[in-house]
Each structure stands twice: as structure tokens, then as C-alpha cells.
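Step one of this worksheet: look at the structure below.
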Amino acid sequence: MALILNEEQQSLKDIAKEFLQKNAPVTHFREIRDTQNELGYDESLWSEMVNLGWSGILIPEDYGGFDFGMVGMGSIFEEMGRTLTPSPLFSTGVLGASLLTLGGDDKQKQNYLPRIVEGSLTTALALEEGNRHSPFSISTKATKAGNDYKISGEKTFVIDGHCSNLIIVAARTEGSDDDASGITLFLVEAEANGIEITKTSMVDSRNSANIKFNDITVSSSNLLGEENNGASILEEVLDRAQIAISAEMLGNASQAFDVTLDYLKERKQFGSVIGTFQALQHRAAEMYSELELTKSSVIAACNAVDENSNDLKRMASLAKYKAGETNHLVTNEAVQMHGGVGVTDEYDVGLYLKRARVTEQIFGNSEYHLDRYATLSEY
Amino acid sequence: MTDLQTFREETRDWLEANCPQEMRKPGDVAWGGRNAQFSHPDQKIWLERMGEKGWTCPTWPSEYGGGGLSKEENKILQEEMGAIGARSPLGSFGIWMLGPALLEFANEEQKKEHLPPIVRGEVWWCQGYSEPGSGSDLASLSTKAVEDGDNYVINGQKIWTSYADKADKIFCLVRTGPQEPKHDGISFLLIDMDQQGVTTRPITLISGKSPFCETFFDDAKAPTKDLVGGLNKGWTVAKRLLEHERTMISAMGLSGGGDGSKKTKSGLAEIGKKYVGIDADQKISDKALRRKVAMHDLNSRAFGLTMQRVGEETKVGAPSPAAAMGKYYGTEHNKLRYELMLEAMGTQGVGWDGEGFSIEELAITRDWLRTKANSIEGGTSEVQLNVISKRVLGLPDK
């Protein structure tokens, strides 16, 4: 397993960095936020990302994609974490692409995947029902009615839920609330009758929504995978999503750290730059060490996806755990080391702090992944 | 067949014919030296055969007795030795620390004189760096060497000299330029331990024993030709050598051993299960401990992956800046590992000796105490953090 990028991957990362820093720097994020842009991202920027091929990175060539792998996708997410770029790449290029690729039948793949590649379809996963990640705690019900299903229930923290054409819903067709078995995935058009979508305003301005399904009707041809067997697809997709978001968190932490390091070298107090103070130097060195560990964990986890490792689940938890802990530490320290300006909206460090806390919640925080790692390791 | 395939086959055949069966089992490693002691006669045979072939130092040039192997060939040799479980033929600070420094800084005559005996395990070297008054501030060292004809006359005291009571020679930092700024008055000198002016005294650590000694020089002598790297240029040699030492110590965070003890290798989770018990789901019943064990395991993996990445980055380009954190993180991590073992073991983890405690328990306790030195020896964690903040992060001094 290589833990450094090959030439192709490095060039993808360089292109992503250059593109994002030129077209979507933090000022772009601020503009979307401050104008309370209803969509939550810029459509023309998204179509440029699509033109660069990003939405098709995880999609097989048979369906028009590029099958470039998670190491490549991870590099893009790392760079987007640095620039806080708003886009539907996570909900569509990772979640939707993986759900359909891993769970869809050929007809569904033919129907949806090429549209993701060309940018005419955006997707969202409606999974969570509580205030913390618990993938199988599902009480949203789907009951069979002839050739159709009726779905009722409420979903929360649906990323890009208000701006997607296709919503993939995890509903219970059997069993009780916390069972892994008895969960079924459905493809639901966002326009369907009986869907109530409420955009939520998160602290980091990341797009998310609460969605209510009021006895909506879904044809059985819109089942994704087999009935009652949604959990196994979900698990595979969540591993990938956790790894992609970990890469974004690594970028978030790296940028907060770099900005802070620059500040330590220019801010003067007591007649010298504050970076000469050992109390700050040692904390910076500790953060550096944690960032290095996180970087290794993230790239190893991306590799585990591409190599179909049988240890993928644990690697996903490793990446999300390290990314969560490190991002938490670094963003807190970044604000503290900036002093007064660190708590102003004008300086960027506060944006990274807010983004860190929301990404921590996405598909399991560090405590969740500690517990999962221990369970998978049989202790 | 490619050259490397041929090399692999020849190596496999040679090892098959020359590695004694006894040396294909786990066990202690010989340290050689003038008064070499071997725990088994085969250890001597194995050392002699490997030494003759230069394979105790596979990548050193053959003109100095080394194996003259390329990196690729050495990898094959290590793989083939691993495949039959062959023990390392020789442990030596000469191989790990002094040799690489001599190859880089010594003159031709010095290389010819000192490298071949290291390869053959004929000289046991120890390191004379720290002094009672010069620990983290190593460059303030005061052991003096004054030129007197063909010799230097050495006076002063070194401390933490590992195996000084067993070693034949010492590579030593001495002050030769008392008027110069502190870093510019230090030389790197090779001194024979077997002489009137050198005495040693073992140091007992909190773990009850240790390889460390104090070493005293009272008008000890060393030939001027044994000064390596130029007069007052010793700090450059010293720094490079410390890098080798830190690499050696940071590897301990990976192996999980206090001082490499094989007795305490069982996983943290197993120790947790054994001493605090399991619940109905087979999980460690103390939730708080289980959480800490998982945290430690995750960090072990992240650290192992980072050291692997550093290796890969170094192979394709310049030395990776992340190497600087290896010693700091590895030793701190290893200390934490032993703290967790003790936490799990309760009173069984704080026995000193005698009845009521198993051999393994006592070994863990002693190793726990020994790990406290890991983050002090070879540069304290605080010194390592200084190195990272200045050399890697570029934070200013003033």
C-alpha cells in the first residue's frame, strides 16, 4: 500500500488546488453565506467542477464515469476543506454515486449515474433521525401497498436535502427501531407529493435540511437493492462517506493550522513575534504531529477503499476518529492563538472552527468511531 | 532471471547452509567485543560467518568490510533472513550509530581502521555524550581534551553511557576549543576504554537495573589521529549521530516494548479483558478503560502509518519533515501504553518482585518504569518539540 500520491493523483490534487484557490477561495464561501443564497452553492462553479470530471470520479466507466478512485476524490476534498467551498460534491459525487453504484440494479445505474457525471442530477441521503449518528435507529416506516410502498416519517440533518433532485431514503420495512435488518432504501424524487423539506441553518452554513415524508407513494421499482437489506449497502457507502469527509476535515485543520502558523510569525507582543514563545511553539509542534498522523490515516483509508481492503471498516473509523480529534484540537487552538481577532467574524479562523464542529457530526463523531473500532476489534 | 532473482536464490542457499538451527529461534542477540560472551556456541559461529561476509552491515562498502549490497539487495537479504526466522547476528552501537557517522565524516585511514572491526563484532563501542551538567543543553559539555604531542589528554565525566562497563571503546564529544562559542569548540574523539585513566560506575534506574554507567576520565589518552571530522567540528558529527539514535528510539513506539522486552508484547485489549473482565457482549467491562484502549490502538495505527509514509517519502525525495516527530510521538505513546497496562492490572501491576506476581506482571512493571526514560534519553520530548517548532515549522528563536 502506497501512502504517497502517484503522479496522476498528484496532478489531480494540484489542479484541484489551483482551481479552488482561484475560483472558490474563502471569499466565495462568505459571499454565499452573506447573501443567504437559497441554493447554498453557486451553480456555475458546480458546473465547472463537473466539467473537471469531479462528480464522476467514483463512478465506473461503464456508466460514463472515470473510476479514478477514493485517493483522488480524497485529494479534492482535502483542498475543498482548505477553501470551505460549498458544493454538492459530497452528497452527489460521494453519497449518491456510491449508493447507486453499490446498490443499484443495471437499469437504475443506467438511468442515474450518467446524469450525475454530467451534472444534471443532484442527490441526498435521508438517513439520520436523532441528534447523533445512529445508522440503524430508523423508525421511518415503509409499508407495502400493492405494487407501491407508502413512506412516513421524519429525517434530520440531510446534507443538501433542500437542493437535490433525488432523495435516497432509508426506511424500515421490518423489525424494530434499532435493528440492522429490515431497513430498505428507496429512490424518491424530491418533487413527490407529500414531501416537506425545511432547510436548516447550521452554524457553518453547510447545506442541510429536515425532511418529512407524509405517507408518500413510491413504486417498488424505486427500491435500491433488496427489501430489508439496506443496511449492508448503507454500511459500505458510509465507510466511503466517512473517509471523504475525513479528507475534508484534514484540509480544514491543515488550513487553520497554516493560517495560525503565519500569524505566530507576524504578530508582535512584548517586543517580539509571539512565535518565539515556547508555550506556543510546543503547542504548535504537538498540532503538527497530530496533523501528520491524520494525514497518514486519511490516505491509508482512501487506499483501503481503492484496494477493497477487508479492513476497510476499521480504516474508515481510524480516519474519522483522527480527523475529528485533530480538527477539534487545531481549530480551538487556532482561535486561541489568534487572540482577540480570532473571535471576530472578519478573520477566517472562526469559520474553520464552525465547520469543524459540523463535520464532526457527519456520520459519527470521534466517540462513535472509538466505540465502533473497539467493537470491530472484538473488545 | 534478473540479477536480483539470482541474488535472492544465492542468498537463500547461503543462509540455508550457514545459519545454525539454534539461530533460527527467537533469543538474545550477541554484542561481540574483545571479551565477547555468547549465550550459545552457535551465536559465535553465526556472528563469524555473517561478519566475514559483511552481512552484519549489509549496505556498508565492501572495502571497509561491509556487504556492499544495494538497498534492493539488502531488502532481499532481510526478507530471506525473516523467512527462516534468523536472528540478527550482532547488536552494536558501532553499527547503528558510529558506523554511519564514520562513513560520512571520517578520513580514509580512520574508516579503514575502525569500520572492519565493527562489521566483525570485534569492538564493542559505547557513546559518550551527556554529562552531569549537560543534558538537554548538550553543547555546554565540559569534558576537556588537550593536545599533548601525538595524544589528547582527556579529563571530565560522562553520564548515561550505555554498557560503558562492557565496552572496548567510546566515541566521545570533548571540548577542544574552550575559547570558542560553545558549538564551535567541540570535537568528536575515539577513546580506548581499556586504560588507567578511564573508570566506570553502573547506574541503577528506578526500574531496578539498567545498562547505563557513569564514565570518568582522569588524564586518559587518545591518539590525535582518532579525532573524527576535524578539530572543533564535532557538533556536526554529533547532530547527525543523534538523528540515527532518535530513529532507533522512535522505532520503540511501534514495537511496543519498554526496552525491547519480548515478554510484554501481548495486546492492550487482551490485558484489559484479562484483568477487568468482559461483559455479556465480550467487551471489556470497564467502559472507560475500553475507550482508552481503543484510542491508544487507533493512535498506534496512525503512528505506524506515519512512519511508513516517512519511509516512502524519504525514498522518493528529500528526508521527510515528519521524521522529526517520530521520537517525540513514539516515546510518549509508548509511555502511555504502559500506563494503560498498569491501569488495567490494578495491584497486580505494581508488584516489585517475589511471590504473588507472575513473571510477565513483574516484567510489565519494570518495563513501565523503564519507559519513563524513553522520552528523556536521546533528547527529551521538550527538546524534540523545540526541534519541530524551529526546523520544521520555522518558528523563530528571537
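The values are calculated or read from the model by the stated rules, or taken from the named source; none is laboratory data. Everything quoted here is computed from the prediction, not taken from an experiment. Neighbour counts are summed over all protein chains in view; Cβ atoms, including those assigned to glycine, are modelled from backbone coordinates with ideal geometry.
Worth a mention:
- Comparison of B:ALA322, B:ALA318, B:ALA373, B:ALA363 shows that the only residue that is of a type outside the set (D, E, K, R) and either buried (at least 22 other Cβ atoms within 10 Å of the Cβ) or facing chain A (nearest Cβ under 10 Å) (or both) is B:ALA322.
- Checked against the criterion of being within 14 Å of another protein chain (Cβ to nearest Cβ) and among the charged types (D, E, K, R), the candidates A:ASP306, A:ASP239, A:ASP262 yield just one match: A:ASP262.
This table checks each residue for (1) surrounded by fewer than 19 Cβ atoms within 10 Å (Cβ to Cβ); (2) of a type outside the set (Asp, Glu); (3) not in a loop (DSSP other than H, G, I, E, B).
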| position | (1), (2), (3) |
| --- | --- |
| B:LEU4 | yes, yes, yes |
| B:GLU9 | yes, no, yes |
| B:GLU22 | yes, no, yes |
| B:LEU47 | no, yes, yes |
| B:GLU73 | yes, no, yes |
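- Single match in A:ARG357, A:ARG372 (criterion: within 14 Å of chain B (Cβ to nearest Cβ) and more than 14 Å from A:THR260 (Cβ to Cβ)): A:ARG372
- Pairs meeting the criteria (first residue in region A:13-33 and in the same structural domain as A:TYR352 (by TED's automatic domain parsing), second residue assigned to a helix (DSSP H, G or I) and modelled with pLDDT of 95 or more, beta carbons under 7 Å, at least 6 apart or on different chains) are lacking.
- When residues of region A:265-286 are limited to those that are aliphatic (A, V, I, L, M) and within 10 Å of B:SER389 (Cβ to Cβ), the one farthest from the other protein chains (Cβ to nearest Cβ): A:LEU280
- Test: residue in region B:266-275 that is facing chain A (nearest Cβ under 8 Å), farther than 19 Å from A:ALA2 by Cβ, in contact with a His (Cβ under 9 Å, 6 or more places away or on another chain) and surrounded by 15 or more Cβ atoms within 10 Å (Cβ to Cβ): no
- Sole residue being assigned to a loop (DSSP other than H, G, I, E, B), in the same structural domain as B:MET81 (by TED's automatic domain parsing), modelled with pLDDT under 95 and surrounded by 16 or more Cβ atoms within 10 Å (Cβ to Cβ), chosen from B:TRP31, B:TRP60: B:TRP31
- The one condition from (1) touching a helix residue (DSSP H, G or I) at 6+ places or on another chain (Cβ under 8 Å); (2) at pLDDT below 95 that B:LYS262 does not meet is (1).
- For region A:201-215, taking the residues that are surrounded by fewer than 21 Cβ atoms within 10 Å (Cβ to Cβ) and closer than 17 Å to A:GLU189 by Cα, the one that is nearest to the chain's Cα centre (by Cα) is identified as A:ASN210.
- Only one entry of B:ARG391, B:ARG301, B:ARG290 meets the criterion of being assigned to a helix (DSSP H, G or I), over 22 Å from the mean Cα position of the chain (by Cα) and under 19 Å from A:HIS282 (Cα atoms), and that entry is B:ARG391.
- Among the residues of region B:88-122, those that are part of a loop (DSSP other than H, G, I, E, B) and surrounded by 20 or more Cβ atoms within 10 Å (Cβ to Cβ) comprise B:PRO89, B:LEU90, B:SER92, B:ALA106, B:GLY121.
- If you go through region B:129-158 and pick out every residue that is assigned to a strand (DSSP E or B) and modelled with pLDDT of 95 or more, you end up with 14.
- Note on region A:155-181: residues that are among the polar types (S, T, N, Q), within 30 Å of A:GLU43 (Cβ to Cβ) and assigned to a loop (DSSP other than H, G, I, E, B) amount to 2.
- Residue in region B:39-51 that is under 25 Å from B:ARG246 (Cα atoms), touching a Lys or Arg at 6+ places or on another chain (Cβ under 9 Å) and in contact (Cβ under 8 Å) with a residue 40 or more places away in the chain present: no
- Residue within region A:322-329 that is assigned by TED's automatic domain parsing to the domain that holds A:TYR263, surrounded by fewer than 21 Cβ atoms within 10 Å (Cβ to Cβ) and within 25 Å of B:PRO321 (Cα to Cα) present: yes
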